[in-house]
Each structure stands twice: as C-alpha cells, then as structure tokens.
1. Among the residues of region 147-162 satisfying the criterion of being charged (D, E, K, R) and closer than 13 Å to ALA297 by Cβ, which is surrounded by the most Cβ atoms within 10 Å (Cβ to Cβ)?
2. Which of the residues spanning region 354-385 are modelled with pLDDT of 95 or more, farther than 17 Å from LEU280 by Cα and surrounded by fewer than 20 Cβ atoms within 10 Å (Cβ to Cβ)?
3. I'd like the full set of residues that are closer than 15 Å to ILE205 by Cβ, of a type in the set (S, T, N, Q) and surrounded by fewer than 19 Cβ atoms within 10 Å (Cβ to Cβ), limited to region 391-424.
4. Mind listing whichever residues of region 243-258 are farther than 11 Å from TYR198 by Cβ and not in a loop (DSSP other than H, G, I, E, B)?
5. For region 90-113, what are the residues that are of a type in the set (A, V, I, L, M, F, W, C), part of a helix (DSSP H, G or I) and touching a residue at least 12 places away in the same chain (Cβ under 8 Å)?
6. Between a first residue in region 394-406 that is under 14 Å from VAL257 (Cα atoms) and touching a residue at least 24 places away in the same chain (Cβ under 8 Å) and a second residue that is among the aromatic types (Phe, Trp, Tyr) and assigned to a helix (DSSP H, G or I), which pairs have beta carbons less than 7 Å apart while being 6 or more apart in sequence or on different chains?
7. Kindly list the number of the only condition in (1) closer than 28 Å to LEU207 by Cβ; (2) in a helix (DSSP H, G or I); (3) under 22 Å from the mean Cα position of the chain (by Cα) that fails for LYS370.
8. Restricted to region 183-221, and to residues that are crowded, with 24+ Cβ neighbours inside 10 Å and of a type in the set (Ser, Thr, Tyr), which residue is farthest from MET388 (Cα to Cα)?
Amino acid sequence: MPITVNRRQLLKAGAAAAAVGLGTTLSACSGSSASAGSGGKSLQLLLLGPDQTTIDWVKGTLLPAFKKSSDINVTLQTSDWGSAFQKVTTGAASNSLADVFLIGGIWNAPLASKNVMLDITDRVKNWSGSQQIYPKMLVDGVYKGANYSIPVYADVRTTIGRTDLLKAAGVTGVPSTWDEWTTAAQAMKAKGIKSPIYFGLDKSIGLQQRFAHLMLSAGGTYWDASGKPQFSSDAGQKALQYMVDAYKNGLSDYNVVWSGNGPLPPVLGLSGLSLDGAALPRNAEVNDKSVLPLLSAGQGIQMNSASQPTALAFVNKLAIAKNTKNPDGAFELIKFICSKQYGGDFARYYGGMPVRKDLADAAWLTGIYKDIAATATNAVSQPSNPVMMSLGPAVNQLLEPAIRGSVSVTATLAAIDAKVQSLGA
C-alpha cells in the first residue's frame, strides 16, 4: 500500500513556490476603502497566503511605517494562493486589481503576456536598491527584455540530508554529486531506509520541480533559442534516467507520497536525501522538533565533480497593476517593502529566504536556514514563459509513469516535448 504522509499545517514556502490550483476566496482586510487605481494618497496592496502573524506585522508595522515616510495610506487585501492567479487576471480585466500585488514564482511571464502588469524597466534602472538583489533573481521579473516585477523573497532549494541517517550508513557530510547521492543512498538502503532519496513525489508538482533541478544542474534548458522544447536533450535524458534508475533500484520509493499534510518523508526518517529548501526544516519544526538539528544543507546538486553546484530558486515578486492611477506611489511601496530594513522581515514572515545580498547575514538566519540562504548565489530559476502555469502539471503527469517503469525515458521525454510544444509560448 502507498505510504501517504500527512501534516497539520501547509508550509507557506512550498505552497507559494507551486502556487497553482488549490482553491481560495479573495478577501479584503480592514483599512481605508480606496478603490484600485484611485491615485492620490492611497494604494491597495494584495498579499497572497499570509498567516495572521504576517498580517498583523504588515498592518501594525510595515504599512504604518510606509505611511509615515510617504504620507500614503495603504489598504491591505489578502488571498490564499489557490485561485489567486485567476482572481488577479479577472481583477485586471475589471480594473479592480490592487495597485501592488504579490505574484508566484512562475507567474511573471503569464501575467506580463496578458498585459496585467506595469512595465517598470526605467524605474528599476533608476533604483539603487536593485543592485542589492541577486542578479539571477532580479532577472526572474523580466519578460521580453522588460522588468515587470521585483523579487521580495525566495524558496531556495539545495541538497539537504539527514545527518543521522547518513552517518549510520557511513557517510560524512551531505553528498553533492549524482554519483555521491547514489553511493550514499545505497548505503542507507542497506541500513533499512525505505526511500533514501526523496524526489518530491506528492499530490502537486514536486516531481517535476526535482526533475527540473536535476536537468538544470546538467546544463539543460527548457527551450532552445528558437523556442523549441529541449526536454529530450542530453541533459534531460541524463536527469530523467537518474531518477528512473533510483526508483528501479529501490533508492527511491514511488509508494512514499506526501499528501501536503503532516511530516515530510525526511522528517519521518523514510528518506535521508532530498532537494529542498526552508520548507523542510520548517516542516520539522511543526511536526518533530528533534529532527531539526539533524538536517544539514549543501551548496547545491552537481552532476559531477566538474559541474558547478546548482540550487533552484522559486522567486516570489511584487508587481504593479497596469491600470494603476498612482504608479509612482506604487513603486515607492515596492521599494519600501523590498528595502534592507523591511525586506528581511517580509521574507522571514513568509517563511522564505532574502533576495538581497546585504541580508545574507541577517540575524534571524541561523543554522540550516543560514546555509540555505548561502546557496542563493548558486540559484537558478525555471525559465520565464507564458505557458509555465500549465507546464508544471502537464510534465509532472508524464513523469509519473516513467518512474514506475511503464514508459521509457526516451518516450517520456518525447511526449513532454510534444506536450510543451502544444501549449504554445
């Protein structure tokens, strides 16, 4: 029987990264009743997925401080992540979208292609604070050469191991290369660990994200310069073959599936290696605090010893509604939220990593969180493309038969290329 893993609380970092198809209701929080695009001394800010502690900080500290510095009143709106993408596009069409709004990691191109967001290229060029944002993350807000959004926090994923399980198998430290992972997994399997490597198999798109991480670490890309899908490239072949071999040889178990609730497989002791970010140690904090000090992060996955370590970043960003009547005030609000003074706290409350280089040593980043944050310089993102909202679920669905051995690697990747091509770009 499949092992379905549960937990009490959905972790915000992972949910924000996926940010697709969970269902929600948009609600306005208390504040002034200025409508979207009202201009003058008022703005609306839409945040997705904040818990009550975050809302209290935004309303009690962040927005009053902005009011004091700018004399602009800000009304806060909130929404869960699930149906927020549709709500944003609907709000843009009806001219009721908040002046400033949070977007998920892969939303930039889909929203920019729908003419939802204001082009802020010149404003970014003239903002000195943009120099402090990690360059690879700043590019995440670019579409067709123009800036449409500003990074505010990130879910950065790297190699994470359970040191107790690794040590019991005779492995010191967190292995980095694919071959080192295989060797460590074989040793853990011999010690009775059910699924030594956890590739994010869940009810969402975790498998696709880990495949992407491996493919990018092998130098792969989603599309070539002409826009032709490249999943069946040599890098894609190597990445998927590595995953398939892990499942075939019992180093990963496709019966270990995380439902989105309860402890993750590494927290349960079912797995000793994963490609994860802050969501994993936070899951341990919620479900089993004794596991937290046993988790250790490496600098990123490497295809081999000659490869550069690769971390994967899901960068959530702030954007301005195309139809705002107060674009200057809206950009001032984004700069304020993304400043060194408040950007770190925003990331902390959202359960993510800072996107500014001058916050890499923030006092609240300790232990494994500091190690994860240090990988930001190695972090790459999935590419910006209008079809990204559809790509993840489609690719994930095609990957699952492959890891179960019912469809070959070559046929799977050909099917992925064809499916992605059919989505358009």
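1. Selected residue: ARG157.
2. Within region 354-385, LYS357, ASP358 qualify.
3. Within region 391-424, just GLN397 meets the criteria.
4. MET243, VAL244, ASP245, TYR247, LYS248
5. ALA92, ALA109, LEU111, ALA112
6. ILE403/TYR247
7. Checking LYS370 against (1) closer than 28 Å to LEU207 by Cβ; (2) in a helix (DSSP H, G or I); (3) under 22 Å from the mean Cα position of the chain (by Cα), the one that fails is (1).
8. SER195
The values are calculated or read from the model by the stated rules, or taken from the named source; none is laboratory data. The structure presented is a predicted model; accordingly, all values stated were derived computationally and were not measured. So basically every Cβ, Gly included, is an ideal-geometry build from the backbone, and we count neighbours across all protein chains shown.
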